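Q: Could you have a look at this structure, given as structure tokens, before my questions?
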Amino acid sequence: MPLQPPDDELELIRQSGVALRVGRLSLSAGTGSYRVKASMARVARAMGVERHEAHVTLTEITTTSHRGNSFRTEVAEVRSIGINADRLAKLEVLASALERRAVVSDRPVTTDEVTEELDRITATPPLYGPIRNALWSSIACVGFSFLNNGGPIEMACVFVGAGLGQLLRRAMLRRGYNQFGVTMLAAAVACMTYLTLVQGLHSLGATDALHQAGYVSAVLFLIPGFALVTGALDLAKLDFSAGVARLTHALMLLTSAALAVWGVSAIVGLSPDPGKRLAMSGGVLLLLRFIASFVGVLGFALLFNSPWPMALAAAGVGMVANVVRLLLVDVGVVTQAAAAGACLLVGLLAAGVAPRMHVPRITISVPAVVIMVPGVTAYRAVFYLVNGDTTQALAYGVQAGLVVVAISIGLGVARMLTDQAWAFER
């Protein structure tokens, strides 16, 4: 006959399971492994667990909870990987509230209390339905299109293509289709929609074939910004298993989308060459850069299921930082150095804004820097690589890689300057 564990060990088992559930919700919402570990540890301490340790990768969590001579080890797998900024913020608020409650009452919170709150968070539906979600994708890519030297024709066609692509992507992911296959299909739909509209306008005499070069902007909603940034930050925290896995996942998503772009390009005989800058005065260009940066970051923040206050904060931070980056490039600063400086500014601004809003910094900083991720450059690298033009592929690939590294350096330095947990190894 198996022996029944003592009541204290049974309670530890329940507490360990609840802490693991917090980690699973955090990981499935797209945050980095360092944040998953911190959230689980804070909730575990609030419940009376003496020590909580965890190993977190992209899809797996292994935890051990200690109290006295007893310990409990559990393993969980998270197969659904997405971005839900609203859930991340709710989990952050919950962890802080549980810590305060345990200190004020001088007694641990119960597993039933935590479970009730987690049930409420889990039951919260997405803030935006499929149509509005697709609209945010369109808005984000329109901002990208202007910043990539697109004009009114490009922006109008990008708006429709990105919206349809995201609508298809969301519908298929919710039905459990393979993420990489869905990414390729969504990219193909966005590209084909854009090109069809451009050709239709061309046949009516409203445009010419030169506008076809803007079709890459229609697929930039597929940039895995959260995975790129959180992966780089995990590496900065010396969490190599999680960081390498996240960056690999991001690279596979980028490659999937880029292959679809290449396939469409090969069929219709196009090349994703850079467009020419629009002719306008410096003052007008600066104003439009502010507007496009704000709109682009706002679209991405809402696409990540951010509440409006959080999205507007991210858009304000990203607008300032991205315009600073563009001005630095205009005066001759190399692209990666400008990106590092702008992301350092993002990190410092987010450190001031996020605590006042009681949200994780990542929900402010990541949407703000996604617009700086060199998606077009990365797509061109894959395009030329598949076409066998290794010189061009290497040039674009190295440029994209250096900018991504610069983004992570800027955010990492900002965290070290504003967070002791990052400044010192403990």
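Where a number appears in this text, it was derived from the coordinates with a stated rule and is not lab data. As the structure is a prediction and not an experimental result, all values here were calculated from the model. Please note: Cβ atoms are built from the backbone with ideal geometry, for glycine as well, and neighbour counts cover all protein chains shown.
Q: For segment 338-395 and segment 151-180, what is the separation of their Cα centres, given in Å?
A: Centre-to-centre (Cα) distance: 20 Å.
Q: Rounding to the nearest 10 and keeping the result within 0 to 90°, find how far the Cα-based axis of helix 130-147 lies from the longest principal axis of the chain.
A: Here the helix axis deviates by roughly 50 degrees.
Q: Per-residue ellipticity at 222 nm for the chain, helices alone: DSSP H runs ≥ 4 residues times -39500 (n - 2.57), over residue total, nearest 500 deg cm²/dmol?
A: My calculation for the chain gives -24000 deg cm²/dmol from helical runs alone.
Q: Still on this structure: Starting from the amide H of PHE71, placed 1.01 Å from N in the peptide plane, find each other amide H under 5 Å away whose residue is 5 or more places distant or on another chain.
A: none
Q: Treating the angle as unsigned and between 0 and 90°, give the value, to the nearest 10°, between the Cα long axis of helix 7-28 and the longest Cα principal axis of the chain.
A: So the helix axis and the longest Cα principal axis differ by about 10 degrees.
Q: What does the charge count near ALA342 come to, summing +1 for each Lys or Arg and -1 for each Asp or Glu among other residues with Cβ under 14 Å from its Cβ? Numbers along the way, then the final one.
A: On the way: positive: ARG289, ARG325; negative: ASP330.
Summing Lys/Arg as +1 and Asp/Glu as -1 gives +1.
Q: Could you work out the relative contact order of segment 7-123, using alpha carbon pairs under 8 angstrom and six or more residues apart, expressed as a whole percent?
A: 29
Q: Here is a further query. Against the longest principal axis of the chain, how steep is helix 111-123, in degrees 0 to 90 to the nearest 10, with axes from Cα atoms?
A: Roughly 20 degrees, rounded to the nearest 10.
Q: List, in order, the whole-Hz ³J(HN,Hα) value for each residue of segment 243-260 obtained from phi through the Karplus relation with A = 6.51, B = -1.76, C = 1.60 and θ = phi - 60°; use x for Gly and Pro.
A: With the stated coefficients, segment 243-260 comes to x, 5, 5, 5, 5, 5, 4, 5, 5, 5, 5, 4, 5, 4, 5, 5, 5, 5 Hz.
Q: Cα centroid distance between segment 112-150 and segment 232-259, in Å?
A: Each part reduced to its Cα centre gives a spacing of 22 Å.
Q: Residue separation times 0.36 nm, minus the C-alpha to C-alpha distance between PHE240 and HIS202: what's the value?
A: 8.7 nm
Q: Could you give the dipole magnitude of the chain about its Cα centre, charging the beta-carbon of Lys and Arg +1 and that of Asp and Glu -1, in debye to the nearest 20?
A: Magnitude of the dipole: close to 460 debye.
Q: Relative to 2.2 N^0.38 Å, what does the C-alpha radius of gyration of segment 140-205 come to as a ratio? Two decimals please. Display every interim value, and only then the final one.
A: Working: Rg = 13.1 Å, N = 66, 2.2 N^0.38 = 10.8 Å.
Ratio of Rg to 2.2 N^0.38 Å for segment 140-205: 1.21.
Q: If you don't mind, another one. Given the peptides 245-254, 349-358, 336-345, 72-81, arrange them by the average over their residues of other C-beta atoms within 10 Å, most packed first.
A: So the order, starting with the most tightly packed, is 336-345, 245-254, 349-358, 72-81.
Q: Let me know the longest stretch in the chain that avoids all chymotrypsin sites (Phe, Trp or Tyr not before Pro) found in a DSSP loop with at most 13 other C-beta atoms within 10 Å. Don't skip to the end; give the middle numbers.
A: Values: sites that count: TYR177, PHE424.
With chymotrypsin sites (Phe, Trp or Tyr not before Pro) excluded where exposed in loops, the chain gives 178-423 as its longest stretch.
Q: To continue, here is another question. What is the local net charge at GLU53, summed over the other residues whose Cβ is closer than 13 Å to its Cβ (Lys, Arg +1; Asp, Glu -1)?
A: My count for the surroundings of GLU53 gives +3.
Q: Counting pairs of alpha carbon atoms under 8 Å apart in space and at least six apart in sequence, what relative contact order in percent does the chain give?
A: Relative contact order, the chain: 15 percent.
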